[in-house]
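FYI, it's all coordinate maths here, none of it is from the lab. On a predicted model such as this, the values are computed, not experimentally measured, just so you know. Virtual Cβ from ideal backbone geometry, glycine too; neighbours counted across all protein chains shown.
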Amino acid sequence: MSSEKVLHKTSIGGQAVLEGIMMKGPRKSCIAVRKPDGEIVTEESENHPLKDRYPIAGLPVIRGFLNMIAMMAEGFHAIDYSSRFLEDEEDYEPGKFESWLNKTFGSEKIESAIFTVSIALGVLLAVGLFILLPAFLAGLLPENVPHLAENLIEGVIRIVLFIFYMWLVSLMKDIRRTYQYHGAEHKTIYCYEKGLELTVDNVRVQKREHPRCGTSFLFVIMIISILVFSVISVENTLLRLLLRVILLPLVIGLSYEVIKITGRHDGLLSRIVSWPGRMLQHLTVLEPDDSMIEVAITAMKAVIPENQSEDAW
């Protein structure tokens with residue numbers, strides 16, 4: 001594996017989707033998907049940063065939460081786009097109820113509604129499983145347990161649940177392939193940051209783990225949540241759960257700033273902060289094959305700006 005130092009830290013990031021990758025640059029985004037027949041199809045779109053439209057979105061802490069919401073929406077869209085190429089539309093016949101819905105409301109409105117509900121359910125599941133459930137379980141501890149110890153236990157429960165969940169879904173064949181595409185994304189970004197030509201041979205030898213990975217960001221959120229939630233002591237269980245939800249935007253915003261700062265440096269503190277996320281990436285970032293690397297390169301080339309300074313981290 002290559003251990004060379006990167007020449008250019010880029011803000012270009014990506015997300016693995018079903019049989020493909022979504023890359024986002026400073027000006028453009030591109031979703032590249034490998035169809036069952038082997039063809040690579042792409043969807044490109046112009047980026048319009050939130051801070052350009054809403055100045056408040058550029059403020060520290062606030063920008064982290066708003067950017068995460070925007071990325072989630074883009075990520076769901078990318079997954080929805082990639083899933084279209086996995087369906088065998090020729091053999092699919094809608095049922096009577098689905099036909100009635102399409103005829104009454106229009107297929108586009110129905111798809112939009114389903115997409116919105118899917119996002120809402122996904123967010124609710126994540127908040128319920130990784131925020132509310134650990135808080136509820138920690139609330140069952142005896143009353144004589146110190147507040148700080150209770151919050152540490154809650155944080156440990158949250159981390160254990162998250163790691164177990166990531167391991168569990170990694171056992172699914174489709175998810176493992178998605179994790180391989182995740183590896184292709186990281187390797188391609190590393191190759192670009194080192195100033196190397198984006199070829200399969202150059203990308204293949206790069207490292208899989210990347211310090212600015214979304215997985216690392218999620219892990220930092222869990223660590224920051226322990227610190228933030230420790231500040232407020234509440235005995236009432238329902239109020240305790242409500243405060244977890246209310247403080248979540250603050251936790252996400254602070255975590256974003258931590259990742260932003262440590263990502264600019266290669267010192268000891270940065271390595272300490274990024275180490276847990278790097279270890280977790282052994283579960284979520286797997287070695288890709290050459291066909292996956294080709295998809296990642298296709299998406300990457302589409303979003304690289306002419307002026308490299310535009311995508312500096």
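Based on Cα contacts under 8 Å between residues 6+ apart, the stretch 176-313 shows a relative contact order of 43 percent.
Residues of the stretch 55-74 falling in the label zone of Val231, defined by backbone nitrogen less than 16 Å from a point 7 Å along Cα to beta-carbon, are 60-65.
Which residue fluctuates most in the GNM of the chain (Cα springs below 10 Å): Pro36, Pro142, Pro26? With Cα springs under 10 Å in the chain, the top fluctuation among Pro36, Pro142, Pro26 is at Pro142.
Students often get this wrong, so check it: of Lys9/Lys51; Lys51/Lys207; Lys51/Lys173; Lys28/Lys194; Lys35/Lys207, which have C-alpha atoms separated by over 30 Å? Where the Cα-Cα span goes over 30 Å, the pairs concerned are Lys51/Lys207; Lys51/Lys173.
Placing a label point 7 Å from the Cα of His8 along the Cα-to-Cβ direction, the residues of the stretch 251-265 whose backbone N falls under 20 Å of that point are 263-265.
This model, with +1 at the C-beta of Lys and Arg and -1 at the C-beta of Asp and Glu, gives the chain a dipole about its Cα centre of some 1180 debye.
Here the Kirkwood formula puts the hydrodynamic radius of the chain at 21.2 Å, using every distinct Cα pair. Using the rule -39500 (n - 2.57) for each DSSP H run of four or more residues, divided by the residues of the chain, the 222 nm mean residue ellipticity is -19500 deg cm²/dmol. Which whole-number percentage describes the relative contact order of the chain, with Cα contacts under 8 Å and a sequence gap of 6 or more? 32 percent.
The residue among His210, Leu239, Thr199 whose Cα reaches farthest toward the positive pole of the charge dipole of the stretch 190-313, with charges on the beta-carbon of Lys, Arg, Asp and Glu, is Leu239. Projecting the Cα atoms of Pro36, Gly75, Ile131 onto the dipole axis of the chain, where Lys and Arg carry +1 and Asp and Glu carry -1 at the beta carbon, places Ile131 farthest toward the positive end.
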